[in-house]
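The structure appears right after this line, and notes come after that.
The values are calculated or read from the model by the stated rules, or taken from the named source; none is laboratory data. Here the structure is a predicted model, which is why all the values come from computation and not from measurement. Cβ sites come from the backbone with ideal geometry, for glycine too, and all protein chains shown count toward neighbours. Side chains included, ligands, DNA and RNA excluded: accessible areas come from the protein's heavy atoms. Shrake-Rupley method; radii C 1.70, N 1.55, O 1.52, S 1.80 Å.
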Amino acid sequence: MTQDIADTAAGELADPPEFPMRRDGGCPFDPPSRYKQLRDEGRVIQVRVPTGQTAWLVTRYDDVRRLLTDPLVSADRRHPNMPLTEEVTPQTRANIAEFGRSLIGLDQPEHGPRRRMLIPEFTVRRIQALRPHIQHTVDGLIDDMLAGPKPADLATVLSTPVPARTLCELLGMPYEDRELIERTAAAQLRRSISPQERQQVSAEMYRYVDQLITAKEKEPTDDLLGRLVLRNRETGLYDHRLLVGLAMLLLVAGFETTNSMISLGVIGLLQHPEQAELIRKDPAAVGPAVDELLRYFTVVDALPRVLLGDVQVGDVTMRAGDGLLISFAGADWDDRFFAEPEQLDITRTSRHHVAFGYGIHQCIGQNLARAELEIVLRTLFTRVPTLRLAEPMEALPFRDDTNIFGVDRVPVTW
Amino acid sequence: MTGAPRLVVNEDLCVGAGQCVLSHPELFDQDDTGQVVVFPGGPVGPEVAPVVADLCPSGALSLARD
């Protein structure tokens, strides 16, 4: 039998299943059931993304980590075979390709020097210094929630404003601009958004960030974007347009995922009151709890990649030029690395999860995300011990067929 | 292979994810450029070395056996 025939038998399906796959388990939190089947069989298969391209879906933890550190696996969004996980206009596709050049679409050796320009802004110590500000924001929002009507939509009163205001503070955006950030970012999360609307919203955000960067180039302020402008005067690595792209990346990446994780994290703990109680009793419990919630929900399912050379996974030889979807949601429920992965257990050690990715592109804002989640969960469950869902969980509008898992509305009362 | 695993540091590969600092703040730190991992707490023992090498996403921390 030739290798090609073996490949066909192993993974190339005549009618590839669609990606994103629906979360079809009994619980809305379960990743698609096919992932477990693929992991157990040790297989990769080809799937079809909304843009019509096919890509290899990788779901095992060890394969995911190995591929994300393989120099033959490229993040270059300009490659025509790079799979996109949602339907986009040709203009949006061109923008994704271009703005990937600001950071997330770069391979080595180009990636390192550009990432290094951001690293000082996200050190553990720098994020520690932001904690009092985040705490102040969260305290104020919970005051407002408690003074407002019941039931309240937690997604509106907490999950959206916490990351939006934190980003305003971190990046150095005027506080009054937070409304635009919340509105455009929330619009992009809407499940019903059309490719045209997505392009329009993105263009509106681009115009805003373009003006902001222009202002900071004239008069650099003492904040992340201001310091980035100054650092760029020394390195000259970015032109104006890519600097705007980098700021857009920080806004989008810092909002959407944290927003989802706040809503889902609260729901997860409300479903496990005994675990919420651990957080109320022991302030130190929230750190490990956040990593377990990150693992359990792994809100970014898969990252797109493209192969620069032939790479073997199991019985399959994936060829140069093939697209890949590297599934973090698959990896973080791999029972060879996390015992009983379908159980939420905030007392377990889950720090080795890949909810923030792996390899050189691992989330640069991960410690900011951890700080936001720790502060929100500890403060909310301590201050509002009677918090509960105002509707049955089955009635909540989970985004269960998108690459970024989330929920549109979280009705709560207390 | 003999002996306990030893931690090898390649600062050029560091991407500033901060996994080592978060996991063992008594042993790891980032300087003002954020890139460099330093060791205010002295040598990294054979229990900690495999843990931080596994958590490090970029290969800046890896294991070697003498």
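Quick notes
- 1 or more residues surrounded by fewer than 13 Cβ atoms within 10 Å (Cβ to Cβ) and not aliphatic (A, V, I, L, M): qualifying helices (runs of 4 or more DSSP H) within segment A:87-200: A:90-99, A:111-118, A:124-147, A:178-189
- The listed residue being more than 13 Å from chain B (Cβ to nearest Cβ) and buried (at least 24 other Cβ atoms within 10 Å of the Cβ), out of A:Leu344, A:Leu325, A:Leu308: A:Leu325
- Segment A:204-220, residues that are surrounded by 14 or more Cβ atoms within 10 Å (Cβ to Cβ) and either of a type outside the set (D, E, K, R) or without any contact (Cβ under 8 Å) to a residue 12 or more places away in the chain (or both): A:Met205, A:Tyr206, A:Tyr208, A:Val209, A:Leu212, A:Ile213, A:Ala215, A:Pro220
- Set A:Ala331, A:Ala289, A:Ala302: member being within 14 Å of chain B (Cβ to nearest Cβ) and surrounded by 24 or more Cβ atoms within 10 Å (Cβ to Cβ): A:Ala331
- The set of residues in segment B:12-30 that are within 7 Å of another protein chain (Cβ to nearest Cβ) and either at pLDDT 90 or above or in contact with a His (Cβ under 6 Å, 6 or more places away or on another chain) (or both) comprises B:Val15, B:Gly16, B:Ala17, B:Gly18, B:Val21, B:Leu22, B:Ser23.
- Test: residue in segment A:79-86 that is over 20 Å from A:Val311 (Cα atoms) and not aliphatic (A, V, I, L, M): yes
- Residue in segment A:386-404 that is under 29 Å from A:Thr137 (Cα atoms), surrounded by 18 or more Cβ atoms within 10 Å (Cβ to Cβ) and within 14 Å of chain B (Cβ to nearest Cβ) present: no
For (1) closer than 25 Å to A:Thr51 by Cβ; (2) part of a strand (DSSP E or B); (3) in contact with a helix residue (DSSP H, G or I) (Cβ under 9 Å, 6 or more places away or on another chain), each residue gets a yes or a no:
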{"residue": "A:Thr258", "(1), (2), (3)": "no, no, yes"}
{"residue": "A:Ile267", "(1), (2), (3)": "no, no, yes"}
{"residue": "A:Ala276", "(1), (2), (3)": "no, no, yes"}
{"residue": "A:Arg295", "(1), (2), (3)": "no, no, no"}
{"residue": "A:Leu325", "(1), (2), (3)": "yes, yes, no"}
{"residue": "A:His353", "(1), (2), (3)": "no, no, yes"}
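- Residue pairs whose Cβ atoms lie under 6 Å apart, separated by 6 or more positions or on different chains, with the first residue in segment A:309-323 and closer than 18 Å to A:Asp40 by Cα and the second small (Gly, Ala, Ser) and open to solvent by less than 10 Å² (accessible area, probe 1.4 Å), are A:Val316/A:Gly11.
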